[in-house]
1. With a cut-off of 8 Å between alpha carbons and a minimum separation of six or more residues, what is the relative contact order of chain B in percent?
2. Can you give me the long-range amide H partners of B:Leu185? Hydrogens built in the peptide plane at 1.01 Å from N, cutoff under 5 Å, separation of 5 or more residues or another chain.
3. How many angstrom separate the Cα center of segment B:219-284 from the Cα center of segment A:191-228?
4. Comparing B:Asp73, B:Asp205, B:Asp257, which has the greatest mean-square fluctuation in the GNM of chain B with Cα pairs linked when under 10 Å apart?
5. For the protein assembly as shown, give me the percentage of DSSP beta bridges that are antiparallel, rounded to the nearest 5 percent.
6. Could you list log10 I(q)/I(0) for segment B:144-283 at q = 0.10, 0.13 Å⁻¹, which the Debye formula gives when each Cα is one point scatterer?
7. Tell me, how many Å apart are the Cα centres for segment B:11-51 and for segment A:95-134?
8. Using the Cα atoms of the protein assembly as shown, I'd like the radius of gyration and the largest Cα-Cα distance, Dmax, both in angstrom.
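No value in this document is a laboratory result; all are computed from the given coordinates. Fair warning: this is a prediction, and the values are worked out from it, not measured in the lab. Cβ: placed from backbone, ideal geometry, glycine included. Neighbour counts: every protein chain shown.
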Amino acid sequence: MKVFSGFLKELKLASRGFYFYIEIFMAVLILILFLFIVPDEFSAKGEEYVFLDMPKEAKDVYLKGLTGEDLLNQRKNVKIKIDGKDKNVDLYETEDSSLYFLESKEDIIYMADNKRKISLIIKMDEDHNLAYQYYLQGYESQKLKNLIRVLNLESAHLLQENMDSLEVRSISIDSKRLSDKENMLPSVLVFNGSLMGLFLIAAYIFLDRQEGVIKAYALTPSPVWQYLMSKIGVIVFISILSSMLVLLPVMGLKPDYLLLLVLLISTAFFSSALGLLIASFYDSLIQAFGTIYVFMIIMILPNMAYFLPSWSPTWIKIFPTYSMLQGFKSVILANGDAAYVLSVSAGFLLMGLIMFFLANLRYKKILFR
Amino acid sequence: MIKVKNLYHSYKKDDIYQVKDVNFEVEEGEIFGFLGPSGAGKTTVQNILTGLLEIHKGQAEVAGYDMKNISKDMFNKIGMSFEQSNVYSKLTALENLKFYAKLFDVETRDPKDLLKLVGLEDKANMRAGEFSKGMKHRLTFVRSMINNPIMWFLDEPTTGLDPSIAADIKNIIREKNKQGVTIFLTSHNMFIADELCHRVAFIVDGEIKLIDSPRNLKLQYGDKMIEVDYIKDGENINDSFSTILNEDKKKLKEIIDNYEIQTMHSKEASLEEIFIKVTGRGLV
Ligand SMILES: Nc1ncnc2c1ncn2[C@@H]1O[C@H](COP(=O)(O)OP(=O)(O)OP(=O)(O)O)[C@@H](O)[C@H]1O
Ligand SMILES: [Mg+2]
């Protein structure tokens, strides 16, 4: 009961302060970015512009050959602007690239020079041999360059043979997948929830210490842990509020909100308890800022691993935010991996409790100086 | 109500003590004044007695509770008004009191009554952050009464208040004391001590120099001041001299011998003058 009335008071205090609105403002800003600016998929398919420098009949045969393959399944007639003029071109969509077939060599050179697109001229000589002429931009990876070289040197059927002999197995058991945009949400949740919570609670504590109200609190029979807990309660509340503000409009009812709540509460608890503990070693926010900053940076590191799957050293997994990200991803996917999410939550709850216990010991000693 | 024995305190936990071998007792129903100049250690002693500071050396007992092993229950019985106002500036006066009341396990007073007591009833819904210094101080003061303490600590209860409000506060203190509340107050204002306290302790540099009632102190040191108006180099000068201190006696004699005396009469020494005499120190 006292904890609850303490929580209500802290909430009132927070709602009359400046930080609360920063947090809400951040959430709204992120929401606007997500709704109106961030595209669903970032890596738009690679575009290639092709000119078939060959007689009409050969062109038809070549194109038919292309559409016959599984890779190329769609042909569309689209308008694109080349050198200020609208031109009708054929577009073939493959799994990972869009091929535009242009009408002239000049157009190809224009696209390569002015639009910086990968462009290609396929020329057929009198002996019906194909010559490939690529216009690259210089920043393509060596891998791509090698691939292009191989593609042109090896005869087509040989390559096909090689491909067929490879066994292709899907790595992801889970068929569900997040769009690039949705894939950013776990980071947003970790950042706006946990990392801000770390900072916020320290800010609130220092505000109270500056006003000296904690001394007055110390002269009541209410224990320190209740005071600390009601502060944490506010952080958890703000974290839930700002997370929902972003998540509901962007994801609708897709995520598993019950699990999300469990994870949000446990992670916000963890980071605010950590914030409390850090704050206990300093006398002012300015003094504490360096340490808080370092912790925030450390906690952000796993984000990089998250977005760069190729850079994922094992040591990064020991950072708490790594599991946070994975947990949130799982919840947003609603892939039913409740066991994972719950175990992550339990982990954070446990670590949070230990931190809270230590913070409580510290504050009993230092709050009242 | 309070028993203090060989109390020492060092903020840096070294050999330099800010409170040195302090001994005193406060009886139930008494108003006990701790008087001393700034930095003497008044607040430090008070903070030890309320449990805000840990006891390093010595013993202290407050309202029957050993301060080395504080029971939470003690806080239901004591109240403390802080020297520096410490209220939530983002909460209104009323909210501040309402919230504070909830922290106790005992019956608490109606916040509105308390605000009325110090003339803040019209400001109940104003945020404390918008209060003047004196208003904040009054709020801090009444907050300390909310749990009907039987042992009431007041750190500089009237410092910085205008005279009429200070008079109100003094009346409240007297009234509470009449109801049986024991009061420990610190001040460097001798008048309030003189008016309110049953007994006072003079503290300088962390040491208690003397404990007695203002009345006894005046009997002992009073009537022994001579106030003189005289003309020196065409100027009117007013001065008072002790009749015990040799130095003062010499000076007085010199004045009588050399200057034209206008008036001269003996007067009761004020507590402040006695303090200076006893400790050799001024109060600021
Ligand atoms: N937090 C602290 N850390 C270190 N020294 C302190 C601390 N608080 C007080 N002191 C020192 O202890 C001594 C006594 O201070 P205290 O506040 O008890 O004086 P006081 O008698 O209440 O003075 P005032 O009349 O100005 O309130 C002073 O020398 C002061 O510098
Ligand atoms: Mg003081």
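1. 21 percent
2. The answer is B:Phe32, B:Gly33, B:Phe34, B:Leu154.
3. One Cα centre to the other: 55 Å.
4. Evaluated over chain B, the most mobile residue of the options is B:Asp257.
5. The antiparallel proportion sits near 65 percent.
6. Calculated log10 I(q)/I(0) at the listed q: -0.46, -0.70.
7. 92 Å
8. 40.1, 141
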